[in-house]
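Read-outs throughout are calculated quantities, based only on the coordinates presented, and are distinct from any laboratory measurement. As the structure is a computational prediction, the values presented were derived from the model and not from experiment.
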Amino acid sequence: MAHQHKVDSEEPSVRGTRRRSLLRAGLALPLGSTALLVACGGGGGGNSGGLPFAPVATVPPPAPAPEVTPPSPTPAPVIVEAPPVEAPPPKPVQKAVKNIRVLNLQTPTFTPPDNQRLAGEDIKTYTQRALQEKFALLSDALTEGLPKKSAESDLCYFVVPEFFWNVNWDAVKNEDEIKVFSNTCVGEVQKHVRALIALFPQEQYGKLALLPGTAQVLKKQIDGTTPAPVPAGTVVADKDLPAYEALNYVLVIDNFSKANPDGSRPIAMWPKRNVSGSDFDTNNRTTVMKNARAYWKVRLTSLIDILVLKESTTTASYYADGKEFKGFDNDPLGGVPFGVDVCLDYMRAYTDRKYLRMTQIEDTNYIIDFLIACGMSADPSNHQYLPSVQYIVQNDGMTYPGQGYDASGNPNPPTTVSVRSSNFPHRRTKTASLCGP
């Protein structure tokens, strides 16, 4: 059933300062349309072309230098302005109210699918096969649930939960296969996302934007040293385990933005910053300090123990006009900017690092906040949202339901996006309009 909710047409939408700068530094996925993404250390199944990109096998960030205060017998008084407590005031602009439609695909993602790697099958072939099956599920869901262009909406979002693209880590047998698996996953997921949007052209289906769930891969950190071989049977100290950084990200693409010179669709990548203790098997949430950085101790498989950095350094990026940019273009339609929180980031988005992620967003006064999660509930009554947020859309792969709320915290119709009582894969979707005409 579709529900409508009226937005006051006399109240203007708000937009913050838009930012666009060429991507020059920081870890980010290259998003070119061909020979995509040598993103997890190079080789081993990655493509060799595409945009220049700092290898994901990166030097860990240096430990923070201790602050040293020079002695002064009579220090002069210094007045430091307190940081702002709230976001900068929104800049009102006159925009027509948009009729936004949301389709939430509800499917459990907390428990990965069984390891179905065949005897003698290489890890790249297995990963490609598993991801092809996930692409087929999304294609079927959109084919069944997406109305034709006759539906009265300015834009339809298709939202999928966190970890949708994950393949069971139990299929990985050693560190070399971690690299091959991660490289393959990065390239294949982008290929499938591009193929999915191509199946639903604007001329037939109207304007469509995909937030098709996240993919999680691992990038090994390199400190410039070669570890000595570990004799068989030797117990490795936690701090000496190989260190990795997790990249858990959602790709955002639409069927209406101006095409790149090569005809491909613009695409954006938004990464999760905070790694949860439930993202991997974290040995009862064991924390290990290494080079003054906090890591999870992770039992990746029964054969592999590693460390995973608790806070990813990956930054958002997008590919448009044939170039890659630093940041996140969050208003492709114009007048309806949106934000994305991936699971644990939702809880920590507006704490002491409130403005860290805001610097990556082009329009900081967004109206819709998408919570793509696997075990994180929206809390519209208590969460400190930006003043501009009017709607919250939740899609959770652990608990269901995918829900929408208005800014007052009311989860009931007419703003509920979809609710299912049982937790099982389902290829159909339910829809609701967040903004009425």
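Things worth noting here:
- Other-chain or far-sequence residues with amide H under 5 Å of residue 375's (modelled H): 397, 398, 399
- Span per principal axis, largest first, for the Cα atoms of the range 298-342 (Å): 49, 24, 16
- ³J(HN,Hα) computed for each position of the range 107-120 - Karplus, 6.51 cos²θ - 1.76 cosθ + 1.60, integer Hz, glycine/proline x: 8, x, 10, 5, 8, x, x, 4, 5, 10, 5, 7, 4, x
- Residues whose amide H lies under 5 Å from that of residue 164, counting only those 5 or more places away or on a different chain, are 214; hydrogens are built 1.01 Å from N in the peptide plane.
- With 10 Å bins from 0: P(r) over the range 130-199, alpha-carbon pairs, percent: 16, 43, 25, 12, 4, 0
- Of the Cα atoms belonging to the range 273-393, the radius of gyration and Dmax stand at 16.7, 51 Å.
- The phi-based Karplus calculation (6.51 cos²θ - 1.76 cosθ + 1.60; θ = phi - 60°) puts the 3J(HN,Hα) values of the range 168-176 at 4, 5, 4, 6, 7, 9, 7, 5, 4 Hz, whole numbers, x for Gly and Pro.
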